[in-house]
1. Say whether the condition of being touching a residue at least 60 places away in the same chain (Cβ under 8 Å) and either in contact with a Leu (Cβ under 8 Å, 6 or more places away or on another chain) or assigned by TED's automatic domain parsing to the domain that holds Met196 (or both) is met by at least one residue in the range 27-42.
2. It is to be established whether one or more residues within the range 6-13 are more than 22 Å from the chain's Cα centre (by Cα) and either modelled with pLDDT of 90 or more or among the β-branched types (Val, Ile, Thr) (or both).
3. Just a yes or no: is a residue in the range 161-170 touching a residue at least 40 places away in the same chain (Cβ under 8 Å) and not in a helix (DSSP H, G or I)?
4. If we keep just the residues of the range 127-142 that are touching a helix residue (DSSP H, G or I) at 6+ places or on another chain (Cβ under 8 Å) and buried (at least 18 other Cβ atoms within 10 Å of the Cβ), which is modelled with the lowest pLDDT?
5. So Ser79 ticks every box in (1) of a type outside the set (A, V, I, L, M); (2) outside the structural domain of Arg234 (by TED's automatic domain parsing); (3) under 19 Å from Met174 (Cβ atoms); (4) exposed (fewer than 14 other Cβ atoms within 10 Å of the Cβ) but one. Which box is left unticked?
6. When the residues of the range 13-67 are narrowed to those that are surrounded by 15 or more Cβ atoms within 10 Å (Cβ to Cβ) and of a type in the set (Ser, Thr, Tyr), which ends up farthest from Glu132 (Cα to Cα)?
7. Quick one: Gln98 ticks every box in (1) within 30 Å of Asp42 (Cβ to Cβ); (2) touching a residue at least 24 places away in the same chain (Cβ under 8 Å) except a single one, so which number is it?
Amino acid sequence: MIRDLHMIGFDADDTLWRSEDYYRDAQSEFERIVGTYIDLDDAHDRLYAVEKRNLALFGYGAKGMTLSMIEAAVEITGSRISGHDVHRIVELGKAVLQHPVELLPGIAEAVDTIARDHQVVLITKGDLFHQEAKVRRSGLSDLFRRIEIVSEKDTATYARLLEEFELAPSQFAMIGNSLRSDIVPVLELGGCGVHMPYHVTWAHEAEAVPPSALDALDRLRSVRTPSELPAAVRALVAG
């Protein structure tokens with residue numbers, strides 16, 4: 001069976017360029033700051049709990065993380081955290097927003113190769129200003145037919161985008177590092193996916209994959225490096 005894949009979608013953070021590393025560095029420094037107030041082994045889990053409950057209010061990205069770090073620091077220290085240390089946490093968030101855009105080795109060549117045979121689009125979630133700046137600094141924007149920055153990546157979002165693209169789900173494949181956000185929703189709609197894990201993953205993106213996704217393994221490929229992506233797409237086309 002030959003698949004008629006018209007369009008290939010790419011995730012951005014930790015698929016095109018490094019991202020989670022900078023968030024991990026900020027969270028490690030956050031733990032050192034609150035650690036001067038209280039001996040706590042679960043500061044990371046406490047912060048994640050605050051981030052998770054704030055997602056519906058703040059959305060994804062560095063700004064929401066920074067607000068959640070401040071809230072968690074107040075909770076963890078029993079409101080004893082100083083204004084100086086709150087300012088340090090704000091500076092952590094600014095540093096994440098200003099981090100350099102470091103492309104993953106070989107990804108520019110992989111996108112260019114795939115774009116010769118398919119329309120390619122960029123679909124990413126997070127803070128609009130931050131994501132726009134990273135796309136601009138990446139040097140890859142000219143390769144993509146469209147760049148979509150969305151608040152969530154779920155079946156409803158992908159269904160809306162496919163309707164705008166005038167594509168059936170079977171004509172679309174998504175490439176990304178997150179099974180939860182990049183792959184499973186597309187598989188559930190009837191599309192294809194290429195999973196390229198990053199060496200670290202935010203806990204929210206590492207949540208369990210629903211059993212229904214396992215019924216679509218014939219439409220899923222996995223790779224380890226960007227250089228393997230063009231072959232993985234060709235394999236999906238070949239069925």
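The values are calculated or read from the model by the stated rules, or taken from the named source; none is laboratory data. Keep in mind that what you see is a predicted model, and the values were worked out from it rather than measured. All Cβ positions, glycine included, derive from the backbone under ideal geometry; neighbour counts span all protein chains shown.
1. Initial filter on the range 27-42 (touching a residue at least 60 places away in the same chain (Cβ under 8 Å)): 29-30.
Pick out the ones that are also either in contact with a Leu (Cβ under 8 Å, 6 or more places away or on another chain) or assigned by TED's automatic domain parsing to the domain that holds Met196 (or both) and you get 29-30.
The answer is yes; a qualifying residue exists.
2. For the range 6-13, residues more than 22 Å from the chain's Cα centre (by Cα) and either modelled with pLDDT of 90 or more or among the β-branched types (Val, Ile, Thr) (or both): present.
3. Yes, the conditions are met somewhere in the range 161-170.
4. Out of the qualifying residues, it is Asp127.
5. (3)
6. Top of the filtered list is Tyr37.
7. Just one mismatch for Gln98, condition (2).
Table: residues versus (1) β-branched (Val, Ile, Thr); (2) assigned by TED's automatic domain parsing to the domain that holds Val184.
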position: Gly59; (1), (2): no, no
position: Asp85; (1), (2): no, no
position: Leu128; (1), (2): no, yes
position: Glu132; (1), (2): no, yes
position: Gly139; (1), (2): no, yes
position: Asp142; (1), (2): no, yes
position: Arg146; (1), (2): no, yes
position: Ile149; (1), (2): yes, yes
position: Gln171; (1), (2): no, yes
